[in-house]
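Here is the structure we will look at.
Coordinate-derived values only; no laboratory data. Because the structure is a prediction, the values reported are computed rather than measured. Cβ placement follows ideal geometry from the backbone for every residue including glycine, while neighbour counts extend to all protein chains displayed.
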Amino acid sequence: MNERRKPYPFDEIEPKWQTIWDESRAFHAPNPGEENFDPAKPKYYALDMFPYPSGAGLHVGHPEGYTATDIIARYKRLRGFNVLHPMGWDAFGLPAEQYAIKTGQHPAVTTRDNVAKFKTQLKRIGFSYDWEREVNTTDPAYYKWTQWIFLQIYHSWFNPESKKAEPISTFRGDDPDSVRLAYVAEVPVNWCQELGTVLANEEVIDGKSEVGGFPVVRRPMRQWMLRITAFADRLIDELDELDWADSIKALQRNWIGRSEGAEIAFAIDQASARDSRALPSIRVFTSRPDTIYGATYVVLAPENPLVDQITTDDRRESIAQYRTAIAAKSDLERTDLAKEKTGAFTGAFAINPANGERIPIWIADYVLMGYGTGAIMGVPAHDERDLEFARKFDLKIVPVVQAPGKTPEESIGFVDDGLAINSPLINGLSRAKSTAKIIDWLEKNGHGRPDIRYKLRDWLFSRQRYWGEPFPVIWRDGKHEAIPESELPLEPPALEDFKPTGTGEPPLAKAKDWIRYSQSSVRETNTMPQWAGSCWYYLRFCDSKNDERFVGEEAERYWMGGDNDEARMTNDERMTKPESPGTSSFDIRHSTLRAKPGGVDLYIGGVEHAVLHLLYARFWHKVLFDLGHLSKPEPFQRLVNQGMILGEDGRKMSKRWGNVIDPLDVIEIYGADAFRCYEMFMGPLEQMKPWSMKGVEGVSRFLARVWRLIMEENQAGEWILSGEVEDVPPEKPQLKVLHATIKKVTGDIETLSFNTAISQMMILVNALTNAPKKSVSAFRTLLVLLNPFAPHLTSELWRTLSDKFPGADGEIIAQPWPDHDEAFLVEDEIEIVLQVNGKLRDKVTVSLEATNAQIEAAALASPKVQNAIAGQTIRKVVVVPKKLVNVVCG
RNA sequence: GCCAGGGUGGCGAAAUUGGCAGACGCGCCAGACUUAGGAUCUGGUGGAGCAAUCCUUAGGGGUUCGAGUCCCCUCCCUGGUACCA
């Protein structure tokens, strides 16, 4: 077997340049105050979603986003920005713990090995990370600050007046523990008996554990919660200013699920109640208070505590039976399978406050205790579910909204806008007006008030795990207390046995000595979820070595700061700079994309984090912002989700299909530059797309063409600078392509359209290959443009050219990004498209100055046009200057 | 069901404000150089037709001198969510 011949010696030059960059600290971004820091440079923060270092190593999906940010980072450096481009490890998590349970190897050891593996792989791809800023969430020096942030949250409350997080000391009530942003509550959790642990929602798939497929049941347990719901409105509203895809914003809005309406009190009819003492009224939430006259019954969730108080004696047994049956159902059965409505009558009646009618009170499992008030008013005429329920149990159906062009009877089942009917107070009014009026009426008469509800739940923040951050909290006399900051980091105890206890008590409970904090107090034994570390890592990157603060104030202001005037000025200057007179609408459009500096300027990662991670991180950021620790209320200004890369067979990559591509295998054959370029050439970054080895080969051929454009093989088979390269300016046709390429590549990088940027560079290389003379200056421009994509190849060629031809000082990564000159793009002659009735018939070339009349005359003179209009009358001739002529006839 | 995003050659895909559909790459065909080619270079390549010409952006309708692009309807795919009142 003879080894496959390399198209160019990437196997030598790639490791060579990686070493040079490492040793010269080429990509270290200095902080303010640091040596080499240049305050004149604007900042740019390009961030990847840091990976969980699994044992399996990198797959081709990881480097897709990483390559995109790396291109941007390298491009911005060439444009004169001080670029923060860091990488780190999200290393707490279940796999390392499971591995520890099986093998007894400490998770820290597994983590260290996996990190080393990942880092080697990332370095081999040639990413320009500032490795001096590397962070690891499992490092005590890191999680010290994760715990510190938890304490900030613990020591705060949400002031509804200011709509901000404030120190708990500003709370005027009696019981601060009831309003803290971190609190303890008895909540239903996903308990998996087989695994002996609680699982996060996302670890439960169809009622079974993701790992092992064991049954999962709901069970109430004492848990730490974070009051994210207090920030629901801000988390929705402040999305507006962010440069995120609309689809991702929609996902977040959906998840938060804001719903405006009213809370309405339905009094219980005393005569019907089992318990004759004064009963509270039933509060329901509705998004359609305008339909209140159509409320012909009330439904409580089966778990609603009111049920016991109102059920009449004759109904007690059937109600108890129904509740038992529901309790036995899993969540899965209760939602997916329960398409058929079920329910039971309590025997009690309520009074509809709008019309005083006596309406029955039912319980049914289609009403959930966890949303709204756990009770609804049933409006069967205008709610699909209520209609189904009413039909099944033969309840009264009264239409109260008349749909346009329909009779009242036909309007049943119609849920959208219409005019109110059968509703004395609001008859004839539109939905908006009747809603406002009825809410006003309810409020004035003490029957209700406007209300807003959210689907978003408070964040269940504790896990019964070993491999996570311990809570900096102790318990004394049944009450929790924070430990002093001076005791951070609080490290987990050394354990021999990481197994869950099986009782729901966390593994940390086994460390008897560690638990005992003082005579009268014990430590919290829960740990934080994996999300904790990833909620703020982007802040730590700004100042990863600081042991005084979670991030230094000056560093935070600089990297995460609001208006970066330098950046804005630079963009404006660039736009109006005299040497680039051709400021087209194109340039302006791209400039506006950069007009909002601040926070992380570009954040790229998988769409799987569109909701949870991004919501949690925004929440923490807002708390820290409110408390005065941060400069801006939002962390990530521009967010992009890369699409998934599928296997060559078009299926999702998995061991099962045997279609997994290992980046290092690809790099072995084609080199890192080809790997990077192919990942970007495949198609739009955000799109899902299949891998193709043939495609890699095509891109590899392109890079080899660049190499051979400048290099040739001598008799001895060594690569040397081509003798044809001359220190001459490019000729006119090459200049034109060159400047068109500068323009296109620059614009495409700004919009992350890397695939078309590479296409354009291919066109340029084809043109330069066919050029009569090999111009050094044209090559140098090409190399700079290509550098962010193929950094090793271009570095090597740049240096080789520099050795022979003076005039370009320094390495390629220190060069300025080229500007295009519109003058080279101007045509002196223009090709005009000739159409007859909108169909292409011919083309003519005219001078740039040709008048519309001249163009029209030229068009009508064309034999092909004449042929096409033969025998018809010309009705009209449309002339679009510099573009086309359309002759309309018939 | 609801929300969001898609549907363009044999394949991955291009297409500023509506203005030459298919750039660039893969694959394929032909040629050159070669002992050889899975190397390299040159040319061709949406479909039908010998041709002139006709057809073509999921399907149908509309606006327009002109529609992949704008509007309406239908179908299909992907992601999210699902009795959220």
### Query
PRE reach from A:D828 (point 7 Å along Cα→Cβ): which of segment A:721-738 fall under 16 Å by backbone N?
A:731-736
### Query
What number comes out for the charge environment of A:D269, summing +1 per Lys or Arg and -1 per Asp or Glu over other residues with Cβ under 11 Å away?
0
### Task
Let me know the shape class of segment A:683-758, please: from the alpha-carbon gyration tensor, a ≥ b ≥ c as square roots of the eigenvalues, rounded when a/c is under 1.5, otherwise prolate if a/b is greater than b/c, or oblate.
oblate
### Query
Looking at segment A:758-858, which GluC sites (Glu not before Pro) are in a loop (DSSP not H, G, I, E or B) and have at most 13 other Cβ atoms within 10 Å?
A:E827, A:E849
### Summary
Residues A:H85, A:H613 in order from fewest to most other beta-carbon atoms within 10 Å are A:H613, A:H85
### Query
Which helices pass in chain A if a helix is a full DSSP H run, must span at least 24 angstrom along its long axis by Cα, and must have mean Kyte-Doolittle hydropathy not below 1.0?
none
### Query
Could you state the number of Å between the C-alpha centres of segment A:399-443 and segment A:849-867?
64 Å
### Query
Rounded, prolate or oblate: which one fits chain A, using the alpha carbon gyration tensor with axes a ≥ b ≥ c (rounded when a/c is under 1.5, else prolate when a/b beats b/c, else oblate)?
oblate
### Query
How do A:C535, A:C677 rank when sorted from fewest to most other Cβ atoms within 10 Å of their own Cβ?
A:C535, A:C677
### Task
Kindly provide log₁₀ I(q)/I(0) values, in the same order as q = 0.13, 0.22 Å⁻¹, from the Debye equation applied to equal alpha-carbon scatterers of segment A:687-818.
-0.55, -1.50
### Query
Hey, got the dipole for segment A:690-774? About the Cα centre, +1 on K and R Cβ, -1 on D and E Cβ, debye to the nearest 20?
380 debye
### Exposed chymotrypsin sites (Phe, Trp or Tyr not before Pro) absent: longest stretch of chain A, with sites in DSSP loops and at most 14 other Cβ within 10 Å deemed exposed
A:38-656
### Message
Quick check: the distance between the Cα centres of segment A:801-845 and segment A:465-499, to the nearest angstrom?
### Response
64 Å
### Query
What's the local net charge at A:M221, with K and R +1, D and E -1, over the other residues with C-beta under 12 Å away?
+2
### Message
Placing unit charges on C-beta atoms (Lys and Arg positive, Asp and Glu negative, everything else neutral), compute the dipole magnitude of segment A:1-125 about its Cα centre in debye, rounded to 20.
### Response
260 debye
### Query
Calculated from DSSP H runs of 4 or more alone, at -39500 (n - 2.57) each and per residue, what is the 222 nm mean residue ellipticity of chain A, nearest 500?
-10500 deg cm²/dmol
### Task
Could you list which residues have their amide H under 5 Å from that of A:N136, counting only those 5 or more apart in sequence or on another chain, with H placed in the peptide plane?
A:W89
### Cβ-based charge dipole, chain A, positive-most Cα from A:G55, A:M688, A:T751
A:M688
### Query
Based on the Cβ-Cβ distance from A:F805 to A:D662, what FRET efficiency comes out when R0 is 41 Å, to the nearest 0.05?
0.55
### Task
Can you find, among A:G213, A:Y99, A:G671, the residue farthest towards the positive end of the dipole of chain A? Put +1 on the C-beta of Lys and Arg, -1 on that of Asp and Glu.
A:G213
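Nearest-5 percent of antiparallel DSSP beta bridges in chain A?
75 percent
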### Message
Quick check: pseudo-label points 7 Å beyond the Cα along Cα→Cβ at A:E161 and A:E554, how many nm apart are they?
### Response
3.8 nm
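Taking the Cβ of each residue in A:T67, A:T120 as the centre, tally the other Cβ atoms inside 10 Å and list the residues starting with the fewest.
Lowest to highest Cβ neighbour count: A:T120, A:T67.
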### Task
Mark the label point 7 Å from the Cα of A:S520 along Cα→Cβ and return the residues of segment A:442-484 whose backbone N is within less than 20 Å of it.
A:473-484
### Task
Positive end of the charge dipole of chain A (Lys, Arg +1 and Asp, Glu -1 on Cβ, about the Cα centre): tell me which of A:A858, A:I71, A:A403 has its Cα farthest that way.
A:A403
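Multiplying the sequence separation of A:R258 and A:E317 by 0.36 nm and subtracting their Cα-Cα distance, what value in nm do you get? Mind showing how you got there, number by number?
Working: separation 59, 0.36 × 59 = 21.24 nm, distance 3.80 nm.
Length gained between A:R258 and A:E317: 17.4 nm.
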### Query
Using +1 on the beta carbon of Lys and Arg, -1 on that of Asp and Glu, and nothing else charged, what's the dipole of segment A:90-204 about the Cα centre, debye to 20?
560 debye
